[in-house]
Amino acid sequence: MDLRLRDTGIRQAAFNTASQLASARGGTLEAGDLRGGFDFDGNRIPLINPQRGIFKPRQMSWLLSIRTVFPRRGARVWYDDQREAHRQIYAGDEVIEYAFMGADPAAADNRWLREAMEDQIPVIYFLGASPGRYQPIIPTFVVGWEPSRLRIQLAFGALVGASAAAIPPAAPERRYALREVKQRLHQASFRDAVLQAYDGRCAISRLPERTLLDAAHIVMDANEQLGQPIISNGLLLSKIHHAAFDAHLIGVDPDYQIHLSEKLLELHDGPFLELGLKNIGGQRIALPRRTADYPDRDRLAHRFEQFQRVR
């Protein structure tokens with residue numbers, strides 16, 4: 001079989017597997033999902049090399065995937081490209097940068113990057129969204145090569161129905177795809193980071209069931225100054241408490257004390273209302289383990305002013 005044709009077949013199988021897994025997992029994949037790989041012609045082919053960020057399976061002629069990592073707490077700090085990838089995505093850049101493996105542009109891993117650019121090969125970018133979780137961006141293209149800076153440039157293509165025969169997108173498509181990536185990354189990284197900060201328990205009820213928990217923004221993301229998707233702008237709340245918080249039925253002041261609206265206090269209908277909502281007034285929310293992850297007092301004050309106006 002022609003090498004290019006075989007490579008395209010394997011690549012499409014990889015694209016399909018990563019896309020289907022992400023859809024089933026709510027948009028992000030765990031490390032175990034990536035190591036599991038996919039079947040092609042009776043062979044099991046991994047999606048990544050667990051030890052390296054740049055990966056070309058032995059069955060393929062060109063690069064298949066690249067990966068950046070959101071390290072677990074206590075692990076080594078991010079590489080520059082790992083920190084910068086999130087910053088550039090949120091800033092709305094048309095392309096983002098990715099670091100070479102090591103300092104030798106001629107090393108095998110880096111040659112694969114250059115060949116992917118020269119041959120216009122679409123790859124999977126497994127972007128670290130939160131500790132142990134990855135957002136697959138398919139297709140991604142290497143569109144710039146800067147050996148003097150030990151960097152390449154990446155551009156994202158259309159994120160729906162990715163084809164292994166896709167070509168690098170023009171500027172308008174890049175900007176559109178980047179907006180989609182930004183939205184997905186915001187949702188995935190913010191929720192997972194807040195979940196971890198609060199040890200997977202609602203800050204009000206201490207409910208530990210993750211499927212029933214939301215990462216609530218203290219200041220909505222429409223506010224460009226205070227609405228960033230960072231842990232200190234988040235509260236981990238059960239879905240009912242999240243809805244009540246967004247409706248200003250519940251407020252949290254800058255000293256972390258819970259307040260109830262007059263509208264909520266005037267309701268009398270059933271044990272859940274009495275026990276699950278009305279009895280929390282005057283209590284303090286449970287705080288994250290790390291003080292660096294505590295809800296930001298200025299953001300709480302901003303939100304509490306809104307609560308007081310409508311209570």
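The values are calculated or read from the model by the stated rules, or taken from the named source; none is laboratory data. This one's a predicted model, so the numbers in the text were calculated from it and none came from an experiment. Cβ: placed from backbone, ideal geometry, glycine included. Neighbour counts: every protein chain shown. Note: accessible area is taken over every heavy atom of the protein model, side chains too, but ligands, DNA and RNA are not part of it. Shrake-Rupley method; radii C 1.70, N 1.55, O 1.52, S 1.80 Å.
Quick notes on this structure:
- Every pair of residues 6+ apart whose Cβ atoms lie under 7 Å, when the first sits in the stretch 103-124 and is aromatic (Phe, Trp, Tyr) while the second is surrounded by 19 or more Cβ atoms within 10 Å (Cβ to Cβ) and assigned to a helix (DSSP H, G or I): none
- Near pairs, Cβ below 6 angstrom, 6+ apart or cross-chain, from the stretch 129-153 (farther than 28 Å from residue 17 by Cβ) to any residue that is among the basic types (Lys, Arg) and outside any strand (DSSP E or B): 145/114
- Some residue of the stretch 252-261 being closer than 26 Å to residue 90 by Cα, of a type in the set (Phe, Trp, Tyr) and in a loop (DSSP other than H, G, I, E, B): no
- Yes/no for residue 302 being in contact (Cβ under 8 Å) with a residue 40 or more places away in the chain, in a helix (DSSP H, G or I) and within 27 Å of residue 188 (Cα to Cα): yes
- All of 92, 102 fail the test of being open to solvent by 30 Å² or more (accessible area, probe 1.4 Å) and within 23 Å of residue 220 (Cα to Cα), apart from 92.
- Here residue 171 clears all of (1) closer than 19 Å to residue 91 by Cβ; (2) among the aliphatic types (A, V, I, L, M); (3) crowded, with 17+ Cβ neighbours inside 10 Å except the condition numbered (3).
- As for the stretch 10-30, it holds no residue that is over 25 Å from residue 186 (Cα atoms), in contact with a Gly (Cβ under 9 Å, 6 or more places away or on another chain) and surrounded by 17 or more Cβ atoms within 10 Å (Cβ to Cβ).
- Taking the criterion of being open to solvent by 10 Å² or more (accessible area, probe 1.4 Å), aliphatic (A, V, I, L, M) and farther than 22 Å from residue 10 by Cβ, the residues of the stretch 105-139 that qualify are 106, 107.
- Selection within the stretch 145-168 - outside any helix (DSSP H, G or I) and surrounded by fewer than 15 Cβ atoms within 10 Å (Cβ to Cβ): 146, 160, 161, 165, 167
- Any hit, the stretch 209-216, residues being open to solvent by less than 30 Å² (accessible area, probe 1.4 Å), under 27 Å from residue 138 (Cα atoms), at pLDDT 85 or above and touching a His at 6+ places or on another chain (Cβ under 9 Å): yes
- Index of the failed condition, residue 285 passing every other in (1) of a type outside the set (Phe, Trp, Tyr); (2) touching a Phe, Trp or Tyr at 6+ places or on another chain (Cβ under 9 Å); (3) surrounded by fewer than 16 Cβ atoms within 10 Å (Cβ to Cβ); (4) under 23 Å from residue 191 (Cβ atoms): (3)
- Check on residue 305, farther than 30 Å from residue 91 by Cα, among the charged types (D, E, K, R) and open to solvent by 20 Å² or more (accessible area, probe 1.4 Å): no
- Filtering the stretch 1-33 to residues that are in contact (Cβ under 8 Å) with a residue 40 or more places away in the chain and among the polar types (S, T, N, Q) leaves 8, 12, 19, 28.
- Taking each residue of the stretch 229-244 that is in contact (Cβ under 8 Å) with a residue 40 or more places away in the chain and of a type in the set (S, T, N, Q) and looking for partners that are buried (at least 18 other Cβ atoms within 10 Å of the Cβ) and in a strand (DSSP E or B) with beta-carbon atoms closer than 8 Å, six or more apart or interchain, yields 233/217.
- Residue in the stretch 217-237 that is part of a loop (DSSP other than H, G, I, E, B), in contact with a strand residue (DSSP E or B) (Cβ under 8 Å, 6 or more places away or on another chain) and more than 20 Å from residue 296 (Cα to Cα) present: no
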